[in-house]
Amino acid sequence: MAERTVQDYFFDIEACEKEFDRFVSRGRAIIKRYRDDEGNVPEGKIWDTGRWGQMRFNILWSNVQVLSPAYYSKTPSPESDRKFKDRDPVGRTAAELAERVCKHFLEDQRFDEVETSCVQDLLLPGRAVSWVRYLGRTEKQVDEQGNPVLDENGEPLMMKVGEEDCFPEYVYWEDFGHNVTRAWKDVTRVWRWNYFDKEEASELFEPEVVARMKFDYVSESDKTADPDAKNDRAKKARVCELWDKRDKKVYWFEKEKTKDFVKVLDDPLRLKNFFPCPKPLFATLVNGSLVPTADFTQYKSQAEQLDLLVARRELVISAIRVVGCHDSSRPELDRVFRQANELESIPVHDWQGFMQAGGLEGLTNVLQLDPFVKTLAVINMSIEQQKAELYEVTGLSEIIRGASEAGGVKTATEQGIKQRSSNNRLEPRRKEVARHACDMMNLLLEVALELYDDEKFLTIADAQTMPEDMQQNLGPALQLLRDDKLRCYRLSIQTDSTYEMDRDKERQERMQAFETFGQTISNTYEAMKEAPSLAPAMGEMAMFAVRSFRAGRELEHSIEESLKQTAQQLAQAKQEESQKGDPEAQAAQQKAQMDQQKAQMDMQLKQQKQEFEYQLAMQKMQMEREIEELKIQANYQTSMEKAQVDAAAKVQAEMLKPRPTLVAGNNVSPRM
């Protein structure tokens, strides 16, 4: 295979830009319309008055706000289970591990943000793209001498350094592309444009490569904030990240054809289908093309007509006001319109002449409002008709608003028909959004299985809290999950709906499962009671019913153990009952019972003897300890009493000793 060059891939990029040129221009106009930017008026409808051009009924914004939660209003929950619902402990453990790891990814706030942005792109320009991003750094392993450690094929072994992370990423709809083809299954090259500042580029590319890169791209928002582009931090490098399925390589290059690749990687994620992105969400497609048509294009003319009617209504409303003209020679007439308050009479200078001239009716003339009011009524009726026509095209009247014929819904049957009709309009898009979320979840799980080690994978799954019987199968379960073929053959990993379910319906399903479990177990018990030999078959039938419910996996082990114990107890009871009429069997049973009782009595006597000897030894030790403490205390008291007697005798001897007497001027000896 010939070596690829940047120029080879630019042929694909230019062909894609030419193919999607009209789609991009339409998408930009639709987003501008959705944001209701000033100066955005219907084509060919430019008026002199600025206010006239700004009046509109933004039906696009209203429709998107209504449909977005109808397609994606809650984070989906993973549903992983054995594909064939059979007894497979390893498969059950693998399904539980996969579901726990998928739940970890789905509960990440970034997942909801990406899916919400994708739904908005689906409803506006008509194409939505998401991407799986893995961040992790590896280095070559070296021995004590600093030499690289090689594997059995002579390749250097790599080790992970620092933290690693795997998460979904939103791709702006204009920054995505693929080779021009008729169907998604034929796509072999996908790419996206990335925008890096110098710090971000330094983390991904070599320093000498970053030094050659051009940081000259400035976004539209940065251009508005800094028209002269003096802020260097706002300037970024525009780098294409292209994934080629033919040679399983990822190429990074700038927007210039003459430059070399910035970076080339060999299948970094090791995904089954190679691409790091699921199939995009498309609006309206026709066979033979992957260029979508935005929904707004289908009712653009009705929306523009509605804007025109709303603008005209604004003009008519502004014209409906009390205005007129009067005889300028009579200034008191001006006071009637401008200064008069309620219950105030305006004096007239020449009342007789005023009345001869016809009074107020003769000297003033007020603008007639009847034609404007009639026109306004016609315009309002036209607006309602236009909205009804628009809702008929989009289907919103049936989907969300629950509109019905005049007189309202008369029967429950009619209401049910309308509900099914709305679901039929919504269901294809709902399934497609759920498919996109499920594909993204499976990509995240696949990256975790390929690049995370066992310790991190089990830590994310919180495997230590799993039931004991599942923990015994963790090793085989991980092997099953890491094998792409076995995982596809034995497991089914999906998501539930991405919109809010009816709580009553969910409660009804839970009650149905509860009733089914109870009835099944009751019937199984009665059958096993009558014929213990049928216990294995009846147990399998019961487990078949339990596994058909999602909650069955959590209850499966406990129900299975309970059925097994019940079968054993019933079999033992049946055996005891059959042996009641046999004297020899009864004698053998009585002898066995007596031997068992004798053994139990011997064991009890032995235990009592050991316990008595232990208590006796403990009491002896306690008595010896108390005697020793008494001896110590007696010796201490004796020594203390002796010390006190000696001290008292010493004090008394000192007091009995004779002392000399002193007299002033003479020394007289004491008499004896």
Looking at SER73 and the list (1) at pLDDT below 85; (2) open to solvent by less than 70 Å² (accessible area, probe 1.4 Å); (3) of a type in the set (Gly, Ala, Ser), which single condition is not satisfied? (1)
Search result, residues across the range 60-116 that are of a type in the set (Phe, Trp, Tyr) and not in a loop (DSSP other than H, G, I, E, B): TRP61, TYR71, PHE105, PHE111
Any chance ARG312 is farther than 30 Å from TYR452 by Cβ, basic (Lys, Arg) and open to solvent by 20 Å² or more (accessible area, probe 1.4 Å): yes
Mind listing whichever residues of the range 348-361 are more than 15 Å from PRO331 (Cα to Cα) and assigned to a helix (DSSP H, G or I)? GLN352, MET355, GLN356, GLU361
Given the criterion of a type in the set (Val, Ile, Thr) and modelled with pLDDT of 90 or more, identify the matching residue among VAL66, VAL6, VAL101, VAL41. VAL101
Note: among VAL161, VAL180, VAL239, VAL209, just one is under 21 Å from ILE13 (Cβ atoms), modelled with pLDDT under 90 and β-branched (Val, Ile, Thr), namely VAL209
Could you go through the range 323-332 and let me know if any residue there is in contact with a Leu (Cβ under 7 Å, 6 or more places away or on another chain) and among the small types (Gly, Ala, Ser). yes
Yes/no for SER202 being at pLDDT 85 or above and among the polar types (S, T, N, Q): yes
Output for Cβ contacts, cut-off 8 Å, separation at least six or different chains, first residue closer than 12 Å to LEU449 by Cβ in the range 464-484, second modelled with pLDDT of 85 or more and hydroxyl-bearing (Ser, Thr, Tyr), reads ALA477/THR93
Can you report the number of residues in the range 1-17 which are outside any helix (DSSP H, G or I) and touching a residue at least 40 places away in the same chain (Cβ under 8 Å)? 2
Would you mention how many residues in the range 87-136 are among the hydrophobic types (A, V, I, L, M, F, W, C) and surrounded by fewer than 17 Cβ atoms within 10 Å (Cβ to Cβ)? 1
Considering every residue within the range 373-392, establish whether at least one is open to solvent by less than 60 Å² (accessible area, probe 1.4 Å) and part of a loop (DSSP other than H, G, I, E, B). no
For the range 330-344, what are the residues that are in a loop (DSSP other than H, G, I, E, B), of a type outside the set (Asp, Glu) and either closer than 27 Å to VAL373 by Cα or open to solvent by 50 Å² or more (accessible area, probe 1.4 Å) (or both)? PRO331, GLN339, ALA340, ASN341, LEU343
Restricting the range 449-459 to residues that are touching a Lys or Arg at 6+ places or on another chain (Cβ under 8 Å) and open to solvent by less than 40 Å² (accessible area, probe 1.4 Å), the residue that is farthest from HIS104 (Cα to Cα): LEU451
The range 362-372, residues that are in a helix (DSSP H, G or I) and in contact with a Leu (Cβ under 7 Å, 6 or more places away or on another chain): LEU363
Subset tally (residues that are surrounded by 12 or more Cβ atoms within 10 Å (Cβ to Cβ) and assigned to a helix (DSSP H, G or I)) for the range 18-27: 5
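Condition check ((1) surrounded by fewer than 16 Cβ atoms within 10 Å (Cβ to Cβ); (2) free of Cβ contacts under 8 Å to residues at least 60 places away in the same chain; (3) not in a loop (DSSP other than H, G, I, E, B)) across all residues:
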site: PHE275; (1), (2), (3): no, no, no
site: VAL286; (1), (2), (3): yes, yes, no
site: SER289; (1), (2), (3): yes, no, no
site: GLN302; (1), (2), (3): no, no, yes
site: GLN305; (1), (2), (3): no, no, yes
site: SER318; (1), (2), (3): yes, yes, yes
site: SER328; (1), (2), (3): yes, yes, no
site: ILE346; (1), (2), (3): yes, yes, no
Look at ALA634 and say whether it is among the hydrophobic types (A, V, I, L, M, F, W, C), at pLDDT below 75, surrounded by 10 or more Cβ atoms within 10 Å (Cβ to Cβ) and in a helix (DSSP H, G or I). yes
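The values are calculated or read from the model by the stated rules, or taken from the named source; none is laboratory data. Quantities reported herein were computed from a predicted structural model and do not represent experimental measurements. We place every Cβ from the backbone using ideal geometry, glycine too, and count neighbours over all the protein chains shown. Note: accessible area is taken over every heavy atom of the protein model, side chains too, but ligands, DNA and RNA are not part of it. Shrake-Rupley method; radii C 1.70, N 1.55, O 1.52, S 1.80 Å.
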